[in-house]
Amino acid sequence: MGLNVVILGPPGAGKGTQAERLAARFGVPRISTGDLLRDAVSAGTPLGELVKAVMARGELVGDDLMVEVVRERLARPDAAEGFVLDGFPRTTAQAETLERLVDGRGALTVVELVVPEEELVRRLSVRRVCGACGINADPGREAGSACARCGAQLVQRTDDRADVVRERLRVFGRQTQPLVEFYRRRGWHRTVDGTQTPDAVAAELAAAVAGQRA
Ligand code: AP5
Ligand code: MG
């Protein structure tokens, strides 16, 4: 049976950081809807043109569009043995569709990263990412310096401006937080304290996933 994991958590909780590690550890792809959308915006595809303004405001892209993006991604051969979803689902409608999409692939494991709001705001205010390959820079790196992976310039993500971060947190509370209860009712929900070091979070997350599968 596949390793079907959803990492749930607010902006800045460490979903990307941890999804990357967990996916590498278990040899399945990390599927980040935020990255897929940012790639589309950078490439200027029709999808990118559709979502650019919505993302810049910190709002959610429509469910129908997101479901199509994820349906297509999950159908690729590399996701046949499992996946780590980062940033999807984000609404109850997306969660209900995901259940249908993964029907017959084995159980879904949902892990919520819990981090208080003031720490989320702090992390996002100092985060720098590569303007070309998109990875998070190590803490303390300044915009304009070179990406350790590809050498391109580090930048601030356009939705990491303080006013957009506030909107993203509001949107999370309104539209995504209800998923915790949705999954808790199904008994698929685990929480991990996301304020620990990245290594400690990764260890706890891997144990939670392994425990669920045992
Ligand atoms: P998305 O890209 O998913 O953004 P997000 O959910 O707001 O989350 P972030 O990527 O900001 O944070 P993260 O939890 O990944 O944390 P990270 O590991 O980077 O979505 C962007 C937009 O796309 C949305 O606003 C929406 O418009 C659209 N979208 C995407 N999916 C959608 C969907 N399903 N439906 C509709 N619209 C959708 O860590 C953050 C920082 O903290 C980093 O600098 C990192 O180095 C640091 N850090 C990580 N872990 C730790 C730790 N343990 N201790 C200290 N620092 C840490
Ligand atoms: Mg992310």
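The values are calculated or read from the model by the stated rules, or taken from the named source; none is laboratory data. None of the values given here were measured: they were computed from a predicted structure. In this analysis, Cβ positions are derived from the backbone assuming ideal geometry, glycine residues included, and neighbour counts consider all displayed protein chains. SASA here: full protein model, heavy atoms, side chains in, ligands and nucleic acids out. Shrake-Rupley method; radii C 1.70, N 1.55, O 1.52, S 1.80 Å.
Here Glu99 clears all of (1) without any contact (Cβ under 8 Å) to a residue 12 or more places away in the chain; (2) open to solvent by 70 Å² or more (accessible area, probe 1.4 Å) except the condition numbered (2). Do we find that Val84 is within 21 Å of Ala40 (Cβ to Cβ) and open to solvent by less than 20 Å² (accessible area, probe 1.4 Å) in this structure? Considered against the rule, which asks whether it is within 21 Å of Ala40 (Cβ to Cβ) and open to solvent by less than 20 Å² (accessible area, probe 1.4 Å), Val84 comes out as yes. Residue check: Gly14 meets all listed conditions (1) near ligand 1 (Cβ under 7 Å from one of its atoms); (2) closer than 21 Å to Gln196 by Cβ; (3) open to solvent by 60 Å² or more (accessible area, probe 1.4 Å) but one, namely (3). Here is a check on your reading of the model: is Val180 open to solvent by less than 70 Å² (accessible area, probe 1.4 Å), more than 13 Å from ligand 1 (Cβ to nearest atom), closer than 24 Å to Arg90 by Cβ and not charged (D, E, K, R)? Criteria met by Val180. Picking from Ala19, Ala40, Ala24, which residue would you name as being part of a helix (DSSP H, G or I), closer than 19 Å to Leu205 by Cβ and free of Cβ contacts under 8 Å to residues at least 12 places away in the same chain? Matching residue, one of Ala19, Ala40, Ala24: Ala24.
Asp39 passes every criterion in (1) under 27 Å from Asp163 (Cβ atoms); (2) within 14 Å of ligand 2 (Cβ to nearest atom); (3) surrounded by 18 or more Cβ atoms within 10 Å (Cβ to Cβ) apart from (3).
Given the residues Arg141, Arg128, Arg166, which is the only one that is of a type in the set (Lys, Arg), more than 9 Å from ligand 1 (Cβ to nearest atom) and either touching a strand residue (DSSP E or B) at 6+ places or on another chain (Cβ under 6 Å) or at pLDDT below 95 (or both)?
Working: Arg128 fails: more than 9 Å from ligand 1 (Cβ to nearest atom); Arg166 fails: either touching a strand residue (DSSP E or B) at 6+ places or on another chain (Cβ under 6 Å) or at pLDDT below 95 (or both).
The unique qualifying residue is Arg141.
Taking segment 193-212, which residues are assigned to a helix (DSSP H, G or I), open to solvent by less than 30 Å² (accessible area, probe 1.4 Å) and not β-branched (Val, Ile, Thr)? Those that are assigned to a helix (DSSP H, G or I), open to solvent by less than 30 Å² (accessible area, probe 1.4 Å) and not β-branched (Val, Ile, Thr): Ala202, Leu205, Ala206, Ala208.
So is Glu118 within 12 Å of ligand 1 (Cβ to nearest atom), farther than 18 Å from Gly2 by Cβ and either out of contact with any Lys or Arg (no Cβ under 7 Å at 6 or more places or on another chain) or open to solvent by 20 Å² or more (accessible area, probe 1.4 Å) (or both) or not? Write out each step before concluding.
Working: within 12 Å of ligand 1 (Cβ to nearest atom): no; farther than 18 Å from Gly2 by Cβ: yes; either out of contact with any Lys or Arg (no Cβ under 7 Å at 6 or more places or on another chain) or open to solvent by 20 Å² or more (accessible area, probe 1.4 Å) (or both): yes.
So Glu118 does not fit the description; no.
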